[in-house]
């Protein structure tokens, strides 16, 4: 089983200096219609079998890896949680230096690195950048992320054994163990076309909900559902819009309400990494300028899309 989905993170403006806001509007729940959705998948990266058909790397610059185990602070290596991916991409911006970037399980991180013989210098998360999302699934994902980034901060040396890279402290205690996935490739913006080995999933919601399931997150466990005014269903669009769509509604009492839709899809091959492109058509009753991101005025809604097995 493989699920795909997308969500919208609402954060309504309260009040800004020199900006007038309709406070009556803030007393109503935010609503959105998903009117249309197309998802393209393309093979991305390499499977484990394909990676082992590649020549093993002889150096770190210009390589990509997936983390298999990390030191969780106990001095011992633990396996990566199921349904999470920890990755490390070493770009080559000079013969022995570049940028280390990847997924820490929830957030993305990046930092400069350089190699000198057996020594590996990484700027670390406190010197680089880390996005600031909060994930709740699976349990322990944020704890794993913190431990992984803390381990990366302590890295001083590296050991390479064909397709396995161990990055260690100065005493050669392994902090992170990684498996080679192939040469590093700079990501580029993709046109919205289906590649020859890809799949396309398109939903118009003309007849029904097409098996999409709505949900809500980033809410207190002991919340009063009545004050959040959560609602979702397939319904006809408002009078001035033709057709039908998936309706979601919620009142942002928690200051970070996340509303999402998901469904199962078929046709993806096991052991293969895919890159998905989402094209959304949405309709909302939230006017421009009524959203914010960490108290910074914006004219956007934060949409997130993804999938998992």
Assess whether residue 152 counts as being under 22 Å from residue 93 (Cα atoms) and at pLDDT below 95.
yes
Okay, strands (runs of 3 or more DSSP E) sitting entirely in segment 180-258 with 1 or more residues that are at pLDDT below 85 and either touching a strand residue (DSSP E or B) at 6+ places or on another chain (Cβ under 7 Å) or outside the structural domain of residue 102 (by TED's automatic domain parsing) (or both), I get 199-203, 213-217, 244-250
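So which strands (runs of 3 or more DSSP E) stay within segment 56-167 end to end and still have 1 or more residues that are surrounded by fewer than 16 Cβ atoms within 10 Å (Cβ to Cβ)?
Where strands (runs of 3 or more DSSP E) fall fully within segment 56-167 and carry at least 1 residues being surrounded by fewer than 16 Cβ atoms within 10 Å (Cβ to Cβ), they are 63-71, 77-79, 108-116, 119-122, 157-161.
The values are calculated or read from the model by the stated rules, or taken from the named source; none is laboratory data. Because the structure is predicted, anything quoted here is derived from the model rather than measured. FYI the Cβ positions are ideal-geometry reconstructions off the backbone, even for glycines, and counts take in every protein chain you see.
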